[in-house]
Amino acid sequence: MDKDKFMRSVRLKESACQGCINCIKHCPTQAIRVHNGKAHIIDKFCIDCGRCIRYCPHHAKIAVYDPLSVINNFKYTVALPAPSLYTQYNNLTNVDIVLNALLKLGFDDVYEVSAAAELVSEASREYIKEHMDEAPFISSACPSVIRLIRVKFPSLISRLLPIKAPVEVAAEIARARAVKKTGLDPEDIGIIFISPCPSKVSYAKAPLGIEKSNIDNVVAIKDVYPLLLPHMKQDESQLIPLSSSGRIGIGWSNAGGEVAGLLTENYLAADGIVNILRVLEELEDEKLHGLTFVELSACNGGCVGGTLTVENAYIATTKTKRLVKYQPVSKNHLSENPDAGNLYWADNVEYEPVFRLGNTFKESLKMMSDVEELTARFPGLDCGSCGAPTCQTLAEDIVRGDATPNDCIYVLRANIADLSHKIKDLASKQKTDGSLSDSSSELLDSYIRTLTAELASFGVPGHARKEVSKEE
Amino acid sequence: MSEQLTFTYTIDGNDFTRAGEASSSVKNKLKMLGVGSDAIRKVAIAMYEGEINMVIHADGGVITVSVSDNDITMVLADKGPGIPDISKAMQEGYSTAREEVRSLGFGAGMGLPNMKRFTDEMHIDTELGKGTTITMKVHL
């Protein structure tokens, strides 16, 4: 379990990586470095938000997820379509067209995540009402948000709404129903989520708040989307009625959708990782007053903006509104869903102090003072040539033993200039004295060796670090 | 002698959008030091209130934060008008902030009371026309 703690689904495709610095500059948790010409994602800092996937001009950041062929691994499969799947299609007026197409694609049954979302909304309303004195609560539906809070905002962990995400509730209900319907062993049933984002892939393997997820596999909306198209031309009167969610459930896929289901006015809904970081900072400082609920989605536009979707997030938002226009507010109620089980988290989310410098306070204090000293030596350009996003991060990396000052090309240039001066001095000494003493000649040799080594490392950030570790 | 680390911040006067930058920076540093979240919260709130006060009343100033084994000390020094009546200023809801500042949602008269509430020690040194220096400590 522990080794999965920092599992991530955003990965590097090394062959495509050009070693540029676009990703390191856009990573909100400064989790990427470029060393030896290739990007490198630091597991414990990464929150799986997928921002690097959007910004990498060489498409070297990718999301890993399961292929659709996983449906062959089970005797019976249930598709859990995220509501964001519906709004990938143009002019969709009836969700059943998509749901029936999923059956044609090979799934044995479907259960809408949006149906479970309405149960989560109801449970959230009840929970908030009973715990009003602990408000504001922070939405726990986006795994990247939970992971961000877990590593950066320890004081806000207790504010996370301790209710399972809609997809988890959907998975539980789907499995329970499938077992009843087929009489099969629960392991023979495959619960497969059709996801808008990679952070749900990590969630399914290493969930937070519960020990084990009921989701067996996670496939991408962008993979499933084109495969459904040929199955969507069916005569509407022939469709099996499968859809069972209303405005609240389907609306969850948009920013502001979760709060719409809470029927409260005292809320804040923020989307986009940069915006939510600001909100979390302000929440931490208790600058935001009068709030009952804070909805946070890592992606711009909410889940429709996930990196595994096809449609533009804002077009998808408009389509959502159109799709739910004539739907009732909610079609799912806890009292009518005996399969829903326990909707609350079983585990606490623990603070992971991954950004802490040392193992003890004393050690950290010493390291921080070294960081300050080093940072002052650097030019403060935050140019990224060293492979770290800022001069300060380079200093932190050095203090942690993951880089050397020479990774900074300005420091390196100064060192080279200094060496060449020394060489020049010795050379002119040789001219006037005729020859060099043994010690001076040795010194000259050592200067030239160092100069050669430093020049060789030039433009190859992390080179010096590699040399050091080789010696070890 | 125990290790001590000092950070200095210059606070720009009359720029509300930047108030909070210093406390945010300190907060991040304290997290990297592994300071407990309770102490971080106290420092962040007290320092933010102090920063806002310096922006509203004193046209900025300088904040020095020292971290040692035992405590975090924040010294907020400004060359503002000084505080004429400290006991009044310490009352919740008492504010001398200008109307336009209040219309921005500041000046609720909770600044100094919050600074006192969220710190373990607070000392105000003020002289009319010369400025104010507030020293706050949060024990670790």
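The numbers here are math on the coordinates, done by the rules we state, and not lab data. In this text the structure is predicted, and so the values were computed from the model without any measurement. Glycine also receives a Cβ, built like all others from the backbone with ideal geometry; neighbour counts cover every protein chain displayed.
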Legend entry - Within the protein assembly as shown, percent of DSSP bridges classed antiparallel, to nearest 5: 65 percent
Inset, instruction - For region A:249-291, just the Cα set please: Rg and Dmax, both in angstrom. - result: 11.5, 34
Legend entry - Sequence-distant lysines (8 or more away, or on other chains) whose Cα lies within less than 20 Å of A:Lys75: A:Lys104, A:Lys180, A:Lys181
Inset, instruction - Take every Cα-Cα pair in region A:67-202 and report what % of them are more than 24 Å apart. - result: 40 percent
Legend entry - Per-residue Cβ neighbour rank within 10 angstrom, fewest leading, B:Glu49, A:Glu373, A:Glu265: A:Glu265, A:Glu373, B:Glu49
Legend entry - chain A, dipole about Cα centre (Lys/Arg Cβ +1, Asp/Glu Cβ -1), debye to the nearest 20: 1140 debye
Inset, instruction - Can you tell me which of B:62-72, A:48-58 comes out highest on packing, and rank the rest after it, using the mean Cβ neighbours within 10 Å? - result: A:48-58, B:62-72
Inset, instruction - State the dimensionless ratio Rg/Rh of chain B (Rg: radius of gyration of Cα atoms; Rh: Kirkwood radius). - result: 0.96
Inset, instruction - Could you give log10 I(q)/I(0) at q = 0.12, 0.15, 0.17, 0.19 Å⁻¹ for region A:1-109, computed by the Debye formula over C-alpha point scatterers of equal weight, without solvent? - result: -0.62, -0.82, -0.89, -0.95
Legend entry - Square roots of five times the Cα gyration tensor eigenvalues for the protein assembly as shown, Å: 50, 37, 19
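Stretch B:Ser25-B:His139 to full length: gain in nm at 0.36 nm per residue minus the Cα-Cα span?
Extending this stretch completely gives an extra 39.1 nm.
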Legend entry - Ellipsoid equivalent to region B:72-116 - semi-axes via the Cα gyration tensor, in Å: 19, 13, 12
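Taking neighbour counts of Cβ atoms within 10 Å as a proxy for exposure, in what order, fewest first, do A:Ser202, B:Ser37, B:Ser103 appear? Spell out each step's value before the answer.
Values: A:Ser202 27, B:Ser37 19, B:Ser103 10.
Arranged by neighbour count, lowest to highest, A:Ser202, B:Ser37, B:Ser103 become B:Ser103, B:Ser37, A:Ser202.
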Inset, instruction - Let me know the whole percent of all Cα-Cα pairs from region A:60-132 that are separated by more than 16 Å. - result: 64 percent
Inset, instruction - Mind pulling the per residue volume of the convex hull built on the Cα atoms of region A:1-64? Å³ is fine. - result: 79 Å³
Inset, instruction - Apply the Kirkwood formula to region A:296-453: the hydrodynamic radius equals the inverse of the mean of 1/r over all pairs of different alpha-carbon atoms; give it in Å with one decimal. - result: 22.7 Å
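Taking the Cβ-Cβ separation of A:Arg278 and A:Lys429 as r and a Förster radius of 41 Å, what is the calculated FRET efficiency to the nearest 0.05?
Plugging the Cβ-Cβ distance into 1/(1 + (r/R0)^6) gives 0.10.
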Legend entry - Charge dipole of chain A about the Cα centre (unit charges at C-beta), most positive-ward option of A:Ile41, A:Leu262, A:Leu296: A:Ile41
